[in-house]
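S.K.: For reference, the structure I am asking about is given below.
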Amino acid sequence: MGTQMESGATTSSRLKVFISYSRRDFEFVDRLQSALKARGIDAAIDRTEIEKGEAWWKRIQQLISECDTIIFVLSRASIGSKVCQDEVEFGESLRKRFLPIVIESLEGLRPPKGLTQLNYIFFTPNPTAGATGDFDEAVGDIASTLETNIEWIREHTRIGVLARRWTSQDRSKDQLLRGTDLKVAELWIITRPAKAPAPSDDHHAFIIQSRQAETQRKRRVMALTAALAIFLLSVGVLAATGALEPHFLRVQANRLTDLYAPTFLTRDREKNLHFGEAFKECASCPEMIAIAPGEFVMGSDHSDSPEDEAPTRTVKINYRFAVGRFEVTFFEWDGCVAHGGCEKEGAAAPQFGRGRHPVINVNWEDAKSFVAWLSRHTGADYRLLTEAEWEYVARAGSQSRFGYGDDSEQMSRYAWYNTDATREVGRKEPNKFGLYDTLGNVSEWVEDCYDKDAYKTAPTTGASLPASDDCYRVLRGGHFSADDDHQSVTYRNQMGGWRQSYNGFRVARTLTPP
């Protein structure tokens, strides 16, 4: 059976051991534990360290991987123990240092194969080994042996733990070593002391992959630097002739950054995103906000509401997702065009301006092409919001008419409406989820097909209605030229494949469960 250091003693200044033993020898192990603790060595038996209901063998594997040395208590009982044999084999797979100790005569028995070539410490008299059988003397020999090459052994443990974590997470790049930590590991692996345990295959693969990733990263940085230098030189020449505009310059600079220095969400960060946390996966990508699961009452039962907003129903969204903080802008759309993912002709703003204005004159297929490019570029699942998701984030926890409340006199704080053109996104107040312009500016395409009776049969899970090839698609939210009667969070509109100056969209991203 196994033991580990006490949970409070985890600093690198203390020796860490795992004791493999048979339960029949627990009285000896209890005494050994106390003696090792008295010498500053962390060792606590598994009978007190593994909680009830905990996955026992998985926990044992974790304890073995985190220790510096495995002390194997050789007795007639442990030699015949299948569990002890499994612990030896697992420790050998990690190339752990073993320290076998003999506590009784083993005449006629053969120790586990991996231990037969090692030097033993005897707690019984053994003239050949110069052992008197004195308990305290043998404990002193253990302490002295454990101190041998301990700094190298500790690195063996530390890097081994990191390597196992990397392997357990599908060899995720965000778990690899970088910078000084990588250099320390590379020096460690080539300075193995005599008789120290050899690095495992996981050690070697982890360090090699770390170096390859670091080399690739440096090459990307060098390529970006060179590309930017060439770009800026070209810009200087063209700008001198007045041939370039700031919007074009930013879009092209973003494209270079997207190619050579993306900021894709790592697996760990994605799982640990908390509600309201923002992220942006590339320079041309929309800024996203993490949204928590929840439920709300969808639709409106007011007497003056259109009939396609009824009946109301409770929708339960039991998954996390992310949504664009802003409506997609021309900066982002033109980034997609620069990458070859979107058609430039699809979006135009003759009198409204580009830059941070929401993209307009896009139909549903144009919006789908944008999220398809985002998905290809980032490797994540970007998509349009479903109609239920849109209302959930527009309400932001409120059952009021406008999300912020029912008073239309306050709408100018939150929306561009009843005006002649779009405005730059983010200039009004956000809702309680941190989203801007869910009211006004542009109406937003969502995934669903339009059905005036949708709320009678639509899913209550946040999913979209089943699609058909020739359906009109839903637009949610009012737009800049509409009055306050068409700005409620329940307002629905429909349209076919044509483009209008008041139609845009906002994106969603699927998040993996935490």
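S.K.: For Trp416, what residues show an amide H to amide H distance below 5 Å, using hydrogens built from the backbone and excluding near sequence neighbours?
M.R.: Here Asn441 satisfy the definition.
S.K.: Pull up the cross-link candidates among the aspartates and glutamates for Lys271, meaning alpha carbon to alpha carbon under 19 Å and not fewer than 8 places away within one chain.
M.R.: Asp170, Asp174, Glu281, Glu287, Asp381
S.K.: Return one number: the angle in degrees, 0 to 90 and rounded to the nearest 10, between the long axis of the Cα atoms of helix 56-66 and the longest principal axis of the Cα atoms of the chain.
M.R.: 80 degrees
S.K.: In whole angstrom, how far apart do the alpha carbon centroids of the stretch 246-312 and the stretch 418-434 sit?
M.R.: 16 Å
S.K.: A follow-up question, please. With r defined as the distance between the Cβ atoms of Asp86 and Glu365 and R0 fixed at 41 Å, what FRET efficiency is calculated, to the nearest 0.05?
M.R.: Here the calculated transfer efficiency is 0.10.
S.K.: If you don't mind, another one. DSSP loop (so not H, G, I, E, B), at most 12 other Cβ within 10 Å: list which GluC sites (Glu not before Pro) in the stretch 73-126 pass both filters.
M.R.: Of the GluC sites (Glu not before Pro), the ones in loops of the stretch 73-126 whose Cβ has at most 12 other Cβ atoms within 10 Å are Glu107.
S.K.: Pull out the extension gain between His274 and Gln410, defined as 0.36 nm times the separation in residues minus the alpha carbon to alpha carbon distance; nm, one decimal.
M.R.: Going from the current span to full extension adds 46.0 nm.
S.K.: Summing +1 for each Lys or Arg and -1 for each Asp or Glu, what net charge is found among the other residues whose Cβ lies under 9 Å from the Cβ of Leu182?
M.R.: 0
S.K.: Could you work out how far helix 179-189 tilts from the main Cα principal axis of the chain, as a 0 to 90 degree angle to the nearest 10?
M.R.: 30 degrees
S.K.: Quote to one decimal, in nm, the extra length available between Asp470 and Gln494 on full extension: 0.36 nm per residue of separation minus the C-alpha distance between them.
M.R.: 7.4 nm
S.K.: Under a point spin-label approximation (7 Å from Cα along Cα-to-Cβ), what is the Lys37-Asp181 distance to one decimal in nm?
M.R.: For Lys37 paired with Asp181, the spin-label model returns 3.2 nm.
S.K.: Give the cross-link partners of Lys113 among the aspartates and glutamates, using a straight C-alpha distance below 15 Å as the criterion and excluding same-chain residues fewer than 8 apart.
M.R.: Asp86, Glu87, Glu89, Glu92
S.K.: Cross-link partners among lysines for Lys195, C-alpha distance below 16 Å, same-chain residues fewer than 8 apart left out?
M.R.: Within the straight-line limit of under 16 Å, Lys195 reaches these lysines: Lys96.
S.K.: Going by average Cβ neighbours within 10 Å, how do the peptides 433-442, 172-181, 396-405, 15-24 rank, with the highest at the top?
M.R.: Ranked by mean Cβ neighbours within 10 Å, highest first: 433-442, 15-24, 396-405, 172-181.
S.K.: So what's the angle, to the nearest 10 degrees on a 0 to 90 scale, between helix 135-147 and the longest Cα principal axis of the chain?
M.R.: The helix 135-147 is inclined about 40 degrees to the chain.
S.K.: Would you mind checking the stretch 278-310 for residues with the amide N under 17 Å from a putative spin-label position 7 Å along Cα→C-beta of Asp485?
M.R.: Correct set: 302-309.
S.K.: What is the spin-label model distance, in nm, from Arg313 to Trp57 if the labels are put 7 Å beyond Cα along the C-beta direction?
M.R.: A separation of 4.7 nm, rounded to one decimal place.
S.K.: Please give the contour-minus-distance gain from Asn418 to Asp174: 0.36 nm per residue of separation, less the Cα-Cα distance, rounded to one decimal in nm.
M.R.: Extra length from Asn418 to Asp174 when fully extended: 83.0 nm.
S.K.: Arranged from highest to lowest average of other beta-carbon atoms within 10 Å per residue, in what order do the peptides 281-288, 137-144 appear?
M.R.: Numbers: 281-288: 22.5, 137-144: 16.8.
Packing order, densest peptide first, comes out as 281-288, 137-144.
S.K.: Show me the ranking of peptides 309-315, 496-502, 444-450 by mean Cβ neighbours inside 10 Å, starting with the highest.
M.R.: 444-450, 309-315, 496-502
S.K.: What ratio of Cα Rg to 2.2 N^0.38 Å holds for the stretch 292-392?
M.R.: 1.32
S.K.: Additional query: Kindly provide the helix-only [θ] at 222 nm of the chain, computed as the sum of -39,500 (n - 2.57) over DSSP H runs of four or more divided by all residues, to the nearest 500 deg cm²/dmol?
M.R.: Roughly -11500 deg cm²/dmol at 222 nm, from the helical runs in the chain.
S.K.: Using 1/(1 + (r/R0)^6) with R0 = 35 angstrom and r between the beta carbons of Gln399 and His247, what's the FRET efficiency to the nearest 0.05?
M.R.: Numbers: r = 41 Å, r/R0 = 1.16.
The calculated FRET efficiency here is 0.30.
S.K.: In the stretch 127-185, if the dipole is taken from +1 on Lys/Arg beta carbons and -1 on Asp/Glu beta carbons about the Cα centre, which of Trp166, Ala185, Leu146 is farthest to the positive end?
M.R.: Trp166
S.K.: If you build the Cα gyration tensor of the stretch 361-514 and take the root of 5 times each eigenvalue, what three semi-axes come out, in whole angstrom, biggest first?
M.R.: 23, 17, 17
S.K.: Going by amide H atoms built from the backbone, whose H comes under 5 Å of the H on Val474, apart from near neighbours?
M.R.: Val446, Asp448, Tyr450
S.K.: I would also like to ask the following. Can you give the Kirkwood hydrodynamic radius of the chain from its Cα pairs, in Å with one decimal? Kindly include the intermediate steps, with their values, before the conclusion.
M.R.: On the way: mean 1/r = 0.0359 Å⁻¹.
Result for the chain, one decimal place: 27.8 Å.
S.K.: Same structure, new question: Find which of Gly497, Ala421, Gly397 sits farthest along the positive direction of the dipole of the stretch 264-510, computed with +1 on the beta-carbon of Lys and Arg, -1 on that of Asp and Glu, about the Cα centre.
M.R.: My answer, from the dipole projection, is Gly397.
S.K.: Now a separate question. Longer than 21 Å from Cα to Cα, which of Lys316/Lys368; Lys368/Lys428; Lys58/Lys82; Lys16/Lys37 are they? Say none if no pair is.
M.R.: With Cα atoms farther than 21 Å apart: Lys316/Lys368; Lys368/Lys428.
Throughout, read-outs are computed from the coordinates displayed, never taken from laboratory work. All values reported here derive from a predicted model rather than from experimental measurement. Cβ sites come from the backbone with ideal geometry, for glycine too, and all protein chains shown count toward neighbours.
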